[in-house]
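Read through the structure below, which is laid out as structure tokens, and then see the notes.
Just so it is clear, none of the values below were taken in a lab; they were calculated from the coordinates. Model, not experiment: these values are computed from the prediction. When we count neighbours, we look across all protein chains shown, and the Cβ atoms used for this are built from the backbone with ideal geometry, even at glycine.
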Amino acid sequence: MVLFILATAICLIGYGAALSGYRRPEKWPMFTALAIGVVTAFAVNTGGHSLWLTAFGEPVHCKVMSVDSHSSSRGSTQWSNELDCGGRTLTYWPSLGHTVEDAGRDVDVVVDEVGFVRELEPGKVNLGFNLLFLVAVLVNGAFVFLVAWLPVREPAPEQ
């Protein structure tokens, strides 16, 4: 989450500079900043989670104890599993593309030893997702560098 906030702040600095007239008044900086912001939000969330669990995660084998439903005021119901991981109890919320498992089944998850992020499926903790985070940071850095490096617009000639 901290990495997401940092990347969003960097993107908003570039976007603010484009809107404030610090750069050329063309529309490409605004569109580029918004596009980078949307892509960065996805890449930092997915890649940052994987990178964190690569560094501080521990793969564990668990047994599903129960399936729980959670209703919200928005009308959608979310599902979770209660897992027994060698005496440690976890509430497992499946990530996108995964579903809860039936009670009694075995599940492998990567658990954060520090307790900073939620557990994740082993297939979602890999080099590809880690590189996704790196690409997001580089793209944001390049955009901020370009905003700072490109010449400011010339003042309008006096008439």
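Some notes on this structure:
- Single residue of L83, L120, L132, L150 found to be in contact (Cβ under 8 Å) with a residue 40 or more places away in the chain and closer than 20 Å to M65 by Cβ: L120
- Scanning segment 87-105 for residues that are in a loop (DSSP other than H, G, I, E, B) and within 21 Å of G123 (Cα to Cα) yields W93, P94, S95, L96, G97, H98, T99, V100, E101, D102, R105.
- Residues satisfying the stated conditions in segment 70-87, i.e. in contact with a strand residue (DSSP E or B) (Cβ under 8 Å, 6 or more places away or on another chain) and under 17 Å from G104 (Cα atoms): W79, S80, N81, E82, L83, D84, C85, G86
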